[in-house]
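What follows is one structure encoded as C-alpha cells, with my remarks underneath.
Any read-out appearing in this document is the output of simple, stated calculations on the displayed coordinates, not a laboratory observation. These numbers come from a predicted model, not from an experiment. Cβ sites come from the backbone with ideal geometry, for glycine too, and all protein chains shown count toward neighbours.
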Amino acid sequence: MRLHNKFAKFLTIIIVSIGLVGCNEYKKVDMIVHNATIYSVDDGMNTFEAMAINDGRIVELGPENQILNKYSSDQKIDAQKNFIYPGFIDAHSHFLGYGLTRNQVDLIGTQSFSEVLDRIDQYIQNNPNQNWIIGRGWDQNDWEIKEYPTNEVLNTRFPNKHIIMKRVDGHAMLVSNSVIELADISNLTQVPGGEILKIDGLLSGLLIDEAMTLVERIIPEPSVEHKTTCLVRAENDCFQVGLTSVCDAGLKVSEIELINQLHENGRLKMRVYAMYSADPILSKNLGSFGIKTERLNAKSVKVYCDGALGSRGAFLLETYSDDSLKEGSLITGSDSLRKWAELCLKDSFQLCVHCIGDAANRITLDVMGQVLGETNDRRWRIEHAQVVNQTDQQKFASFNVIPSMQPSHATSDMYWAEERLGAERIKNAYTLKSLLNQNGMIALGTDFPVESIDPLNTFYSAVVRKDKSKLPGWRLQP
C-alpha cells in the first residue's frame, strides 16, 4: 500500500512538472520592448510596461513579467523607463513640399534680410551650376525691420540667377527681376485673389497668394527621380519624430499617382492621406479620380478660400488693424466654392477648405451648410480655422464640419497677431478649445514645413500655449 502511494505521488509530480513545462513554452516574436512607459491610447488611456511585436504589429501589451514570461525574441529592447507613444498622424502637412524644401535654401529662423542674402550666397557657392535658386522660410515679422523686402539687392548681388524666395507660410514670395521677366509680369498685370506689390509705381518683386501662380507655372518641374528622392527623405525625417501617417494638404494628380507607385514597388512606406489640389481637370469628372489602398487614401479635394495672416492675405470681415486699406484676398469665391462642394457631395469626396480669416471661414461654413444640410457624416473640414467670428463658431456643430488646426501657429504668431487683428478680434483667433467643444473633435497637424515637423511641438503649443523658449506665453483660450 505504501509503495502504491509513493508511486502515485511520484506520478503526480511528473504530471505537474510536465504541465509547468508546457506553461513556460515561449511564443517566438520579432521584438520585445520592456522596462518602458507605453501609452496605449485605449479607452482607459492605460499605460503598460512591455510589448511584444511580430510582423510589424503589436501582438500584446502588458506588465513586464507577463510579456517576458510569455514571449521570446532575439531582439529585446530595454527602454530604460522612456515613454513610447503610438505612431502619430499629422492631420495637415505638406509631405512632398517638405521633402522638396530639404534641397532648397533654408530660410527658417533668419533674423534679417541680410541673413537671407547670406544664406542664398552660401547655397549658390555650394551649387554653382544651379540657375534656379529656390528657398523658403523667411518671415519679416521676425526681423527688426518688419517690412516686406524688395528685390533690389537680389538683382545686383545675383544678376545671373533666377531667385525665388517663399515666405514661411508659402503665401508670399520675393523674386528677382529675371524671374519677373520670364513670367511676363508688368505694372499692368493683375491677378484675382492675389497682389503684385509696387513701390513708387515700380515692381518690388513681392507677390502674394494667387499672384505667385504666374511664377510657379514657369519654374522647371522637378523630375520624377528627384521627387522620389525627396519623398523618401521626408519619410525618414517623419519616422525620426514618430510620424507614421501624414495628410498631405494639396497634391497634383501626378504626384498622388507617384506616391501610389512608390507604395506598390516598396520604396515608400509612409501612410498618406492625400488631398487633390483643386484643379479644372478634377472638376470635369471628379468621380473618375480617387485611390484607396492600405497605405494611400486619396479621396478629398483641397480648396483655398483665402491667404495667410502673416502676409495680410487672410480675408477678414473688416480691414486689418495695422493696414486700414487691406482686408485680405478672397481666392475662391462662394460660387466656385459651391461648385466644388456639390461635386464632392455627389462623388463622396471629402472637401477640405483653407480658411484663415473670419470672412473666409464665414463664407465657407455657409456654403458647406447650404450644400450639406444639417446632420451628415461627410467629415468635411476647414483647414486652419484660424480666425472665426464668435457668431460663426456654432456652425461647425450645426453642419458637422471638422476644424483642422495647427496649435503651433498660435505660438508662432503670438508676437504680431494682435497687431493684425486688434484687441477685440484677436479673442476669436486660435480658439482651439472653443472649436473642439463644437463637435467634440479636432484634427491637429503641424503644417510642416511652415512649422516644425515634430508633433510634440504641436501638443506642447496646444496645451501650454508657449513657444520653444517657454516665453512669453500666451493667453489660454476658453
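Using only Cα coordinates, the Kirkwood hydrodynamic radius of region 224-464 works out to 18.6 Å. Length gained on full extension, E294 to Q130: 55.2 nm, using 0.36 nm per residue less the C-alpha separation. Taking one quarter of the surface of the convex hull spanned by the alpha-carbon atoms of the chain gives a direction-averaged projected area of 30.3 nm². For region 324-375, the relative contact order comes to 42 percent (Cα pairs under 8 Å, sequence separation of at least 6). V246 sits among other residues whose Cβ lies under 10 Å from its own Cβ, and their net charge, with Lys and Arg +1 and Asp and Glu -1, is -2.
Taking the number of Cβ atoms within 10 Å of each Cβ as an exposure proxy, the fewest-first ranking of S300, S283, S93 is S283, S300, S93. Helices in the chain, meaning DSSP H runs of at least 4 residues, each add -39500 (n - 2.57). Divided by all residues, the mean residue ellipticity at 222 nm is -10000 deg cm²/dmol.
Of the peptides 330-338, 181-189, the order by per-residue mean of other Cβ atoms within 10 Å, starting with the highest, comes out as 330-338, 181-189.
Scanning the chain for DSSP H helices at least 30 Å long along the axis (C-alpha atoms) with a Kyte-Doolittle mean no lower than -1.0 picks out 2-23.
Taken about its Cα centre, the chain carries a charge dipole of roughly 1940 debye when the Cβ of each Lys and Arg holds +1 and the Cβ of each Asp and Glu holds -1.
Across the cross-link table entries K346/K427; K252/K395; K299/K326; K302/K466; K166/K198, which are compared at the Cα atoms, the separations over 27 Å belong to K346/K427; K252/K395; K299/K326; K302/K466.
Placing +1 on each Lys and Arg Cβ and -1 on each Asp and Glu Cβ, with no other charges, gives region 27-86 a dipole about its Cα centre of roughly 140 debye. Normalised by the number of residues in the chain, the average gap of Cα pairs under 8 Å and 6 or more apart makes the relative contact order 11 percent. Available extension along the chain between N439 and E225 is 72.8 nm, counting 0.36 nm per residue and deducting the alpha carbon span.
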